[in-house]
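Peer 1: I have a structure here, written as structure tokens, and I will follow up with some questions on it.
The values are calculated or read from the model by the stated rules, or taken from the named source; none is laboratory data. Every value quoted in this text rests on a predicted model; they were computed, and no experiment measured them. Here the Cβ is made from the backbone with ideal geometry for all residues, glycine too, and neighbour counts use every protein chain on show. Keep in mind that these areas ignore ligands, DNA and RNA; they rest on the heavy atoms of the full protein, side chains included. Shrake-Rupley method; radii C 1.70, N 1.55, O 1.52, S 1.80 Å.
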Amino acid sequence: MILPRRFFGAELLPLWRWKDGSSLAGDDRVAEIGIGQQYLTLALRTDIDGEGSVGFEVLLPCPFDDECEGEEWAPAYTVTDLWGALTGDRDQDPDVVCTVHGGFDDVDQEADDHDQDDDPEGRADLEAQAMEAIHA
């Protein structure tokens, strides 16, 4: 409980519950913070920066699709980050990436959002169609 206290303050400790045995975050330890009927799911990352630093990430819903079952983890450094996750202020955070849809700056995401057909009229091969009409 030292790490949760250091990151988020002693006031959150009564709300904190480790979810031992959870595989939600791979091999990392998972916790929940219960706030009335709502809760936040956090993962204790033991190598959050690739250099062995410890930190937390909070699980967010996919901002691209309400029905998406993908995971989206956002860094959580302070209790303010947790509040943002709880109130939805982190939903448009450019640092988060959905495991299904990618991130906000993902090139594929724009196509997923709009489901655009690059050739809706079937005119990509106009030259071939013209040649076929001439030679027919």
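Peer 1: Return the pairs, sorted by first residue and then second, in which the second residue is open to solvent by 40 Å² or more (accessible area, probe 1.4 Å) and at pLDDT 90 or above, the first residue lies in segment 12-23 and is among the aliphatic types (A, V, I, L, M), the beta carbons are less than 7 Å apart, and the residues are 6+ apart or on different chains.
Peer 2: From residues that are among the aliphatic types (A, V, I, L, M), the pairs are L12/V79; L13/R5.
Peer 1: Of all the strands (runs of 3 or more DSSP E) wholly in segment 1-87, which have at least 2 residues that are open to solvent by 80 Å² or more (accessible area, probe 1.4 Å) and more than 19 Å from G102 (Cα to Cα)?
Peer 2: Details: elements: 16-18, 29-35, 38-45, 55-60, 72-76.
Correct list: 38-45.
Peer 1: Can you tell me which residue among V96, V100 is without any contact (Cβ under 8 Å) to a residue 40 or more places away in the chain, open to solvent by 50 Å² or more (accessible area, probe 1.4 Å) and under 14 Å from the mean Cα position of the chain (by Cα)? Outline the logic, then answer.
Peer 2: On the way: V96 fails: open to solvent by 50 Å² or more (accessible area, probe 1.4 Å).
Step by step, each of V96, V100 is checked, and only V100 is without any contact (Cβ under 8 Å) to a residue 40 or more places away in the chain, open to solvent by 50 Å² or more (accessible area, probe 1.4 Å) and under 14 Å from the mean Cα position of the chain (by Cα).
Peer 1: Does A43 fit the bill of being at pLDDT below 80 and of a type in the set (G, A, S)?
Peer 2: no
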